[in-house]
Amino acid sequence: MALTLELTPEEQAIMKGEQGETLQKVMQTVVTFGELFGATKLVDLQAAPHLAMSWSSDAVLPFIEIYEKLVAAGLKTYAPFTSNPKPMDHNNLDPGEEKRVVVQELHKHHHTLGELYSNLGMKENAWSCACFVPQIGNTPQQGDFISWSESSAINFANSYLGARTNRNSVGIDMMTAILGKAPYFDLLTDEGRKADWLIDCSALTKLPHPELLGAVIGLKVMEDIPYIIGMDDRVNALDDVVGYCKDLGAATASNGAVGLFHMEGVTPEARDQGRSLLKSDHQLYVISDAELQRVFNSYPVLWPDENAKPERVFIGCPHNTLAQLRWWGERIVSALEAAGKDAVSCPPYLFAHDNVASEFKENHPELKARMAKYGISVTNNCPVMYMTTPKQSDEIVCTNSNKTRVYSKSRFYMDDDLVHIIVTGQLPDQAPKAHP
Ligand code: F3S
């Protein structure tokens with residue numbers, strides 16, 4: 001078959017099998033994938049890989065078979081990689097004995113996958129979708145070519161960090177990580193990073209919830225690239241711009257399929273190139289307070305009874321940053337103390353990597369101790385994996401994540417309403433407001 005993708009002499013040698021049959025197959029896979037998308041060449045990867053597959057049901061068996069062959073051939077990824085959160089953390093998010101047995105049986109290949117990852121070059125204890133925080137350190141630089149999977153991590157790397165990755169699938173992420181090369185197309189190219197939409201937020205009366213704004217944008221533009229204006233003063237004034245952009249991007253990526261957003265005055269390419277990033281035939285979408293409320297009102301309630309008593313509150317999908325753990329900890333503790341409560345009425349779970357949780361405990365020991373006393377848990381699990389496991393999926397869960405809402409039966413609430421639910425155990429009396 002004649003290749004349209006041009007290979008260097010070194011790549012041609014791999015393609016001919018001169019470095020072994022397994023690496024030849026890896027190269028053939030990556031080249032075929034690239035040709036399907038019209039790539040013209042391969043580029044060398046920088047920084048480190050991030051993989052999305054951390055679940056371990058029977059669905060991973062075909063991947064395990066391939067990864068065992070990679071290990072047998074002595075292959076490793078070009079740099080130590082990170083991976084999405086593990087599916088279980090029974091110490092901090094215990095579903096109870098009956099469900100625990102189910103989830104353990106479901107994820108029975110967990111140890112095999114972990115061992116394979118370790119042999120293929122995984123960084124030690126690097127299970128988190130927020131792999132770019134300093135406590136984990138998989139933080140590419142602007143312009144770095146990477147080849148990640150996990151839609152929220154991809155979006156953050158492309159948008160906030162200005163690195164360059166396509167939205168890869170499980171399997172392709174490992175093939176490119178082994179090869180240290182990825183096909184050059186779409187979001188890796190300058191042209192593929194131009195914006196299709198001008199999103200005008202200047203009429204919004206307040207800083208919107210990032211998970212709602214991101215969802216509203218994602219639903220409109222789907223897989224296109226938005227260029228957001230009217231947000232820079234409000235976003236740059238935040239203490240935790242990383243947390244805001246992480247959550248906004250994750251919502252665009254899950255409620256739509258956005259791999260990259262530009263925000264004027266905030267994201268690096270928008271700072272450097274301004275509105276020249278807009279395509280000449282771009283479309284306009286104006287977002288008002290009423291538009292946020294319209295989309296918020298459209299969310300279906302998937303609970304059997306819409307007035308059901310909430311059983312858990314899940315906060316942090318993608319995983320929380322250090323600043324977010326502190327913000328939520330302080331906010332819940334002060335609300336409990338103001339209400340004269342000595343324990344939460346509906347248990348909240350803050351999702352974060354172990355290193356982030358440890359640094360939080362080290363930096364804020366008193367706050368952490370009060371959180372533990374009141375029943376506020378920090379867990380390294382993934383809320384969506386928890387909520388998509390048989391028996392656990394019917395739990396009555398409220399969340400601050402529009403991604404968790406999309407992938408489960410949980411209900412999305414604004415932050416004030418979540419604090420009310422945690423403190424009182426009751427749903428708010430009033431209809432939820434999108435822009436309180
Ligand atoms: Fe991360 Fe799991 Fe949400 S991987 S983005 S916490 S679905």
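The values are calculated or read from the model by the stated rules, or taken from the named source; none is laboratory data. Quick caveat: nothing in here was measured; it's all calculated off a predicted structure. Note: ideal-geometry Cβ built from the backbone for every residue, glycine included; neighbour counts use all protein chains shown. Heavy atoms of the whole protein, side chains included, go into the accessibility calculation; ligands, DNA and RNA do not. Shrake-Rupley method; radii C 1.70, N 1.55, O 1.52, S 1.80 Å.
When the solvent-accessible area of the chain is split by element, carbon and sulfur atoms take up 49 percent of it, the probe being 1.4 Å.
The H on the amide N of ASN166, modeled in the peptide plane, is under 5 Å from the matching H of TRP148, each at least 5 residues off or on a different chain. Our coupling estimate for the stretch 393-409, obtained by passing each phi through the Karplus curve with A = 6.51, B = -1.76, C = 1.60 and θ = phi - 60°, is 5, 8, 5, 8, 10, 10, 8, 9, 10, 6, 6, 4, 4, 5, 9, 8, 8 Hz, Gly and Pro reported as x.
Taking the charge dipole of the stretch 166-258 about its Cα centre, with +1 at Lys and Arg Cβ atoms and -1 at Asp and Glu Cβ atoms, the residue from PRO208, GLY256, ASN168 reaching farthest to the positive side is ASN168.
From the square roots a ≥ b ≥ c of the eigenvalues of the alpha-carbon gyration tensor of the stretch 317-436, which class results: rounded (a/c under 1.5), prolate (a/b over b/c), or oblate? It is oblate, given that a/c is not under 1.5 and a/b is not larger than b/c.
For VAL378, the amide hydrogen comes within under 5 Å of the amide hydrogens of LEU350, counting only partners 5 or more places away or on other chains and with H modelled in the peptide plane. A DSSP coil position with no more than 14 other Cβ atoms inside 10 Å describes the following trypsin sites (Lys or Arg not before Pro) in the stretch 190-281: LYS206.
Calculate the length of the line joining the C-alpha centroid of the stretch 148-187 to that of the stretch 251-322, in whole Å. Using only Cα atoms, the two centres lie 21 Å from each other. From the Kirkwood radius over Cα pairs of the stretch 230-362, Stokes-Einstein at 10 °C and 1.306 mPa s returns a whole-number translational diffusion coefficient of 87 µm²/s. Each residue of the stretch 40-50 was assigned a 3J(HN,Hα) from its phi angle through the Karplus curve 6.51 cos²θ - 1.76 cosθ + 1.60 (θ = phi - 60°); the sequence is 9, 7, 9, 10, 6, 8, 10, 6, 9, x, 10 Hz, with glycine and proline shown as x.
Packing, as the average of other Cβ atoms within 10 Å across residues, places the peptides 138-149, 399-410 in the order 399-410, 138-149, highest first. Could you tell me which of rounded, prolate or oblate describes the stretch 140-193, using a ≥ b ≥ c as the square roots of the eigenvalues of the alpha-carbon gyration tensor, with rounded for a/c under 1.5 and, failing that, prolate when a/b is larger than b/c and oblate otherwise? Prolate, since a/c reaches 1.5 and a/b exceeds b/c.
Derived scalar couplings between HN and Hα for the stretch 70-79 equal 5, 5, 4, 7, x, 8, 9, 5, 5, 8 Hz in order, rounded to whole Hz, by the Karplus curve 6.51 cos²θ - 1.76 cosθ + 1.60 (θ = phi - 60°), x for Gly and Pro.
Think of a 1.4 Å ball rolled over the protein heavy atoms: the chain then has 41 Å² of accessible area per residue.
Remark on GLN283: its backbone amide H falls under 5 Å from those of TRP197, LEU198, a criterion applied only to residues 5 or more positions apart or on other chains, H modelled at 1.01 Å from N.
Exposed loop GluC sites (Glu not before Pro) only (DSSP loop, at most 15 other Cβ atoms within 10 Å): please give the longest stretch of the chain free of them, not including the sites.
Looking at the chain, 19-222 is the longest stretch - no exposed GluC sites (Glu not before Pro) with at most 15 other Cβ atoms within 10 Å.
Answer rounded, prolate or oblate for the stretch 210-284, using the Cα gyration tensor with square roots of eigenvalues a ≥ b ≥ c: rounded when a/c is under 1.5, else prolate when a/b is larger than b/c, else oblate. Here the stretch 210-284 falls in the oblate category. The antiparallel fraction among DSSP beta bridges confined to the chain stands at about 10%.
The orientation-averaged shadow of the Cα convex hull for the chain, equal to a quarter of the hull surface, comes to 21.5 nm². Express the relative contact order of the chain as a whole percentage, based on alpha carbon pairs under 8 Å and six or more residues apart in sequence. In percent, rounded to a whole number, it is 16.
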